[in-house]
Amino acid sequence: MKFRIERDVLADVVTWVSRTLPSRVPFPALAGVLVEAGDDGVSFTTTTQDTWSHNTADAVIGEPGTALISGRLLVEIARSLPAQPVSFALQSSGRVEVTCGAASFLLPTLPGDEYPPLPSLPQAVGSVDAGVFAAAVAQVAVASASPDERNHAYAGIRMEIEPDGRLTLAATDRYRLAVRELPWEPVAADQPIAVTIPGREFLDATKAFADAGTVTVHLGEAETSLSLAAGTRQTGLRLMDSANFPKFRSLLPTQFVSQPEIEVAALKEALKRVSLVLHQDSAVRLVFSADEVVLKAGTGDEATATETIGCSLQGEGLDVAFNPRFLADGLAGLTDAHARLSLQSAEKAAVLTGIDPDGGGEVFRYLLMPVRLNR
């Protein structure tokens, strides 16, 4: 294997694929970047076995070949090299010589026969604006549970695709539910698709494509994996069992007794201030009346805080309490200047939505459960 590649191209490509180098390596080969030089350039691949990344770059190929090189070391070397072409050459000793200007490295290779085979890119089912997609996944990801929790099903993000061009993302940790709808360009899907994707990995993958313009979505055979691709970049994820993910649409209420409308920035700042006096897991009360909401935090002889901000109210006044972190997460997901908090009662689920000044529909809905207080 021999090839020459521009330093900036090398640094960009290996940094991008390094996202899926495992933090804990079950066997040595997984610590490597698989480097493959061929007629179409040079490709770089990494995997954790549950996720994988693949990227290709133009290079001057002297001799086709393959080598498995320590991923972390290759990233550090690529970033440190001077802005000159970089040459790679696999020696008969099994080491890879990397030279750039006056700098030269001899890198040991890892056992390539232990590197797991990765699936080829499956059929595309559609495409979506990459930036919008990344932002939408980030909006719902806050409501997914930690993968370390006992009920692993709640660590996923549900993705449902309709052939008519609707894509819905949903996540829940049982205490809140985030739902986001966005436009979608179907390619080959003539039937509805519903899959559950590991939340943390899905968030990381979509962030990596945020600047790609358009990203295509590919679904593996028997819906066991999902891949994203744009240009020379590909990343894949193994899917979760969808059987235990709740039927989230039935959880969203439609009848409310109170619907205050509030300026998002004002509520964020007031919530941040009054929460300063709270201990962990304490709740913030929101007391709604016709033209204002009073935020109250703390009780008894401990530190307390109150702040009043304006609102407009449809329906009856209500006194309701929420976990401040859960409420702040929902507010952070809003992109509109004003929000509507739709309330059923002080004990039943509330729904937070943005208010589109142009009269558009509710594309992001955030359901959260109130906290019951001893009043």
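Annotations for the structure displayed:
- Most positive-pole-ward Cα, L271, Q255, A305, against dipole of the range 221-309 from beta carbon charges: Q255
- Cβ-derived FRET efficiency at R0 51 Å, S289 paired with K207, nearest 0.05: 0.80
- 3J(HN,Hα) along the range 230-244: 7, x, 8, 9, 9, 9, x, 9, 6, 8, 8, 5, 8, 4, 9 Hz, from the Karplus curve 6.51 cos²θ - 1.76 cosθ + 1.60 with θ = phi - 60°, whole Hz, x for Gly and Pro.
- If only the Cβ of Lys and Arg carry +1 and only the Cβ of Asp and Glu carry -1, the dipole of the range 1-48 around its Cα centre is close to 280 debye.
- Whole-number percent relative contact order across the chain, with pairs defined as alpha carbons under 8 Å at least 6 apart: 12 percent
- The distance between label points at A188 and K247 comes to 3.1 nm (points 7 Å beyond Cα on the Cα→Cβ vector).
- Efficiency of FRET between E316 and E162 - r from beta-carbon atoms, R0 30 angstrom, step 0.05: 0.25
- In this label model, E114 and E223 are separated by 3.6 nm, measuring between points 7 Å along each Cα→Cβ vector.
- Relative contact order %, the range 298-375, counting alpha carbon pairs below 8 Å whose residues are six or more apart: 27 percent
- Overall form of the range 42-82 per C-alpha gyration tensor (a/c, 1.5; a/b vs b/c): oblate
- Distance-filtered residues of the range 65-87 - backbone nitrogen under 16 Å, label point 7 angstrom along T15 Cα→Cβ: 72-84
- Across the cross-link table entries K2/K207; K272/K296; K247/K348; K268/K296, which are compared at the Cα atoms, the separations over 23 Å belong to K2/K207.
- Between the range 257-323 and the range 62-106, the alpha-carbon centres lie 58 Å apart.
- Order of T335, T15 - criterion: other Cβ atoms within 10 Å of each residue's Cβ, fewest first: T335, T15
- Within the chain, helix-based [θ] at 222 nm, where runs of 4 or more DSSP H residues each add -39,500 (n - 2.57), nearest 500: -5000 deg cm²/dmol
- A305/T254 FRET efficiency (R0 25 Å; Cβ-Cβ; nearest 0.05): 0.15
Computed from the coordinates by the stated procedures, all read-outs in this text should not be read as laboratory data. What you are looking at is a predicted structure, and each value in this text was computed from that prediction instead of being measured. When we count neighbours, we look across all protein chains shown, and the Cβ atoms used for this are built from the backbone with ideal geometry, even at glycine.
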